[in-house]
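Chemist: Here it is, the structure, as structure tokens.
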Amino acid sequence: MQGVLDGIRVLDFGRFIAGPYCGQLLADFGAEVIRMDKVGGSEDRFLLPVAESGEGPLFFQINRNKKSLTLNSGTPEGRAVLEKLVKTADVVVANLPWEILPKLGLDYETLKSIKPDIILATMSTFGHEGPYAQRVGFDGIAQAMSGSMYMTGWEDKPVRAASPYCDFGTALVSAYGILLALMHRDKTGEGQVVEGTLLRTGMTFSNAMLIEQALTKPNRIPTGNMAQTAGPADVYNAKDGTILVNVISDPLFRRWARLMGEEEQWTTDPRFKDDVSRGDHGHILSERMQRWVGERTVAEAIEGLEGARIPAGPVLKPQQVLEDEHVNATGMLKPTEFPGLDGLAPIMETQVKLSKTPGEIRHRAPLSGEHTDDLLEELGISAGEVAELREKGVI
């Protein structure tokens, strides 16, 4: 099936998550994405190694559907190859510090001088402006500085989210920005810079609590898993596991009170008159909910809550997610081969589904430099020249 982004070439200098995932989102829908690896393989390839060649699970996930070309662009020969590649590209993705980009020939002015309508997508922790512009950082730094980490966990022990949502969120919005920039280019012939920052993403996701703080100064403190503006909304222990329940809005609260067999008791008490009041007295609601859940297994509690149309779900361990009937029935995970793997890697399918032009996993993540020879041949570089570049350590 032809992808909606067929014909778009992306040079992906991304590392770790934000840049590579941005490139993967484009590759899933047909863009030709070339991962620009260091000679010998870039460091993010080898996080949590599970393959004989050292690749890790995160690399499998966010580098599928890509080609790999190894290049040392810090050498004159490497820079010459890079310029030839840029002339063929539509987009360059580089989640690298801004001060590093000119040294690698990846700053916008340099790229624009080679390809006037090029689009440069950059991702960093703080962006290129402001007093923190020169600082380095990862997802956890953005979580910590956005206010979200403080409000997650407990007052004396903030908790970082295990899933790096600032990285993945920045990649998502950057891919969105690239698509907008491509639309603008098609209309005007102009390229531009698309800039995503981890801190901006973290603050976007936590903006509502910042607005509340600015306007009413509640100075909220974290309350673990218990919601602060609704209830009962918390994590509860059943006989054989744990579930999360979210009761938000008056209709849901009435259904919950009815399920408890105590509708009048809870719905006439002024302490529980609205979501904010229920959040303020959440510990009382959570105590009652815990008693109800504690008398049941996870399956029994979910069945009872679903029967009352109250949102609830089990807290699953990773192995339980792999075995979940809904996950398997809907084909969310695609078993994918990779050289040197003891089994198939369950790679998450494209997360957004389009009815006419769906994304798909067409092939596994590439080995380091797997497509170098073919790509250089496309640029008119002879086999002899390729051999010489390899001997010099340029590729």
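Chemist: Of all residues being farther than 18 Å from VAL173 by Cβ and charged (D, E, K, R) in the range 23-42, which is surrounded by the most Cβ atoms within 10 Å (Cβ to Cβ)? Just the residue, please.
Modeler: Applying the filter and picking the extreme gives ARG35.
Chemist: Another question about this same structure. Would you tally the residues in the range 25-60 being in contact (Cβ under 8 Å) with a residue 60 or more places away in the chain and part of a helix (DSSP H, G or I)?
Modeler: 7
Chemist: Out of all the residues in the range 334-350, is one or more over 20 Å from PHE168 (Cβ atoms), in a helix (DSSP H, G or I) and free of Cβ contacts under 8 Å to residues at least 60 places away in the same chain? Spell out the reasoning first.
Modeler: Our first condition is that a residue be over 20 Å from PHE168 (Cβ atoms); within the range 334-350, this holds for 335, 337-344.
Restricting the remaining residues to those that are in a helix (DSSP H, G or I) gives none.
Taking every residue of the range 334-350 in turn, none turns out to be over 20 Å from PHE168 (Cβ atoms), in a helix (DSSP H, G or I) and free of Cβ contacts under 8 Å to residues at least 60 places away in the same chain.
Chemist: Which condition number does ALA299 fail, the rest of (1) over 30 Å from VAL173 (Cβ atoms); (2) buried (at least 16 other Cβ atoms within 10 Å of the Cβ) being met?
Modeler: Every listed condition holds for ALA299 apart from (2).
Chemist: Can you report the number of residues in the range 230-261 which are part of a loop (DSSP other than H, G, I, E, B) and either among the small types (Gly, Ala, Ser) or at pLDDT below 95 (or both)?
Modeler: Total satisfying the criteria: 6.
Chemist: Another question about this same structure. Which of the numbered conditions does GLY137 fail, given that it passes all the others? Conditions: (1) farther than 30 Å from GLN228 by Cβ; (2) within 18 Å of the chain's Cα centre (by Cα); (3) crowded, with 17+ Cβ neighbours inside 10 Å.
Modeler: Every listed condition holds for GLY137 apart from (1).
Chemist: Given (1) touching a Ser or Thr at 6+ places or on another chain (Cβ under 7 Å); (2) free of Cβ contacts under 8 Å to residues at least 24 places away in the same chain, where does MET123 come up short, assuming only one miss?
Modeler: (2)
Chemist: Quick one: GLN2 ticks every box in (1) modelled with pLDDT under 95; (2) in the same structural domain as PHE168 (by TED's automatic domain parsing) bar one, so which box is it?
Modeler: Checking GLN2 against (1) modelled with pLDDT under 95; (2) in the same structural domain as PHE168 (by TED's automatic domain parsing), the one that fails is (2).
The values are calculated or read from the model by the stated rules, or taken from the named source; none is laboratory data. Predicted, not measured: the structure shown is a model, and the values here were computed from it. Here the Cβ is made from the backbone with ideal geometry for all residues, glycine too, and neighbour counts use every protein chain on show.
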